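The values are calculated or read from the model by the stated rules, or taken from the named source; none is laboratory data. This structure is a prediction, so every number in the text was calculated from the model and none was measured. Don't worry about glycine lacking a Cβ; one is built from the backbone with ideal geometry, like all the others, and counts go over all protein chains shown. Calculation scope for accessible area: heavy atoms of the full protein, side chains included, ligands and nucleic acids excluded. Shrake-Rupley method; radii C 1.70, N 1.55, O 1.52, S 1.80 Å.
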Amino acid sequence: MNENDINNIPSESNPMFNEERNEKVSDIHNEPTAPMSAPNNKEPQYGITFNWTNLLIGAFLFFGLFNGSKIFSDWSFYIYLAVVVIIHELGHVIFGKSFGCFIKEMQVFFFTFLSYRPKPSPKGSSWRDIKWSLGVLPLGGVTMFKSRESDYRRTVSAGEVLTSVSSPYIEDKPAWQRLLISAAGVLFNIATFLILYIARPYMSSECFAFFWPLLYMSLVLALLNILPIYPLDGGAIVFALYEIITGKKPSPAFTKVCSWIGFIFIILFFWVFPGWLDRILDFVFGMLF
């Protein structure tokens with residue numbers, strides 16, 4: 001849509017426009033229209049931002065969870081883990097971008113304390129729309145896709161009818177594309193493992209000793225994320241496969257219940273049973289650090 005199209009948008013006070021708008025919304029959602037919250041039109045803050053609150057809360061949780069753990073006493077562990085998580089999340093970002101999704105943020109670790117949002121490019125590069133964030137709690141990362149609901153009013157007022165190809169929202173994409181986007185992080189970690197494993201005979205002992213933790217942790221992160229627990233990648237893959245096989249999406253209520261179960265499982269695993277976590281980490285990574 002160009003600037004002229006925006007200037008020629010009919011007024012919402014026109015009853016003909018209201019009737020046409022309801023028809024277009026039904027085409028998009030294939031269901032009766034329902035009121036939704038207005039988007040947040042606040043101008044984003046560009047450049048580097050720092051969040052002291054998240055830093056303090058994340059540090060408190062970190063010491064509560066991992067105090068006394070031999071693994072987390074070695075700072076090289078965080079560097080290798082951050083690299084593996086970045087590779088994983090870039091898989092989601094690259095596949096999402098290739099399918100035309102709008103990506104809001106790529107976050108490494110949780111409780112974000114440091115963020116960078118690039119200023120928009122004059123050429124309109126979609127990569128400069130992404131916010132890059134770093135957190136305190138080293139429990140993985142997340143790639144946040146823009147939802148259709150957040151742009152509902154803008155889309156309707158502009159009179160746009162979005163197809164699965166033109167839509168920037170991940171929920172509008174075909175199931176096979178969402179399957180690949182969900183699996184991309186695991187695929188990137190496996191690719192990292194295979195590349196380093198194949199290159200092993202050509203490395204010196206010192207070089208391989210440097211890359212060995214990256215090889216090992218890439219495989220471990222891939223195996224953990226493939227577990228069929230939502231909201232991990234494995235759970236999203238199971239939902240996409242279900243839709244491909246049955247032709248139906250899991251109901252929002254069901255996915256919400258699965259999400260809560262997954263979060264409760266993760267919280268119990270990391271908070272209620274911290275001794276289990278220490279033993280597993282010591283067993284998996286103890287030989288490396």
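Quick notes
- The lone criterion from (1) under 12 Å from the mean Cα position of the chain (by Cα); (2) at pLDDT 90 or above; (3) part of a strand (DSSP E or B) left unmet by Tyr116 is number (1).
- Enumeration of residues in the range 183-219 that are open to solvent by 40 Å² or more (accessible area, probe 1.4 Å) and among the polar types (S, T, N, Q): Ser204, Ser205
- Positions within the range 81-113 being aliphatic (A, V, I, L, M) and outside any helix (DSSP H, G or I), in sequence order: Ile103, Met106, Val108
- The requirement of being open to solvent by 20 Å² or more (accessible area, probe 1.4 Å) and within 11 Å of the chain's Cα centre (by Cα) is satisfied by Lys104.
- Checked against (1) modelled with pLDDT under 95; (2) surrounded by fewer than 18 Cβ atoms within 10 Å (Cβ to Cβ), Asn225 passes all but condition (2).
- Here Thr246 meets the list (1) modelled with pLDDT of 90 or more; (2) surrounded by 14 or more Cβ atoms within 10 Å (Cβ to Cβ) almost entirely, failing just condition (2).
- The single condition among (1) modelled with pLDDT under 95; (2) surrounded by fewer than 21 Cβ atoms within 10 Å (Cβ to Cβ); (3) touching a helix residue (DSSP H, G or I) at 6+ places or on another chain (Cβ under 8 Å) that Leu180 does not meet is (1).
- Matching residues, the range 87-101, being touching a strand residue (DSSP E or B) at 6+ places or on another chain (Cβ under 7 Å) and open to solvent by 60 Å² or more (accessible area, probe 1.4 Å): none
- Test: residue in the range 187-194 that is of a type in the set (Gly, Ala, Ser), free of Cβ contacts under 8 Å to residues at least 24 places away in the same chain and part of a helix (DSSP H, G or I): yes
- Among the residues listed as Phe145, Phe77, the single one being at pLDDT 85 or above, under 21 Å from Leu219 (Cα atoms) and crowded, with 18+ Cβ neighbours inside 10 Å: Phe77
- Every condition in (1) open to solvent by 50 Å² or more (accessible area, probe 1.4 Å); (2) over 16 Å from the mean Cα position of the chain (by Cα); (3) closer than 21 Å to Cys258 by Cα holds for Ala175 except the one numbered (1).
- Any hit, the range 120-133, residues being within 24 Å of Ala175 (Cα to Cα), assigned to a helix (DSSP H, G or I), in contact with an Asp or Glu (Cβ under 9 Å, 6 or more places away or on another chain) and not acidic (Asp, Glu): no
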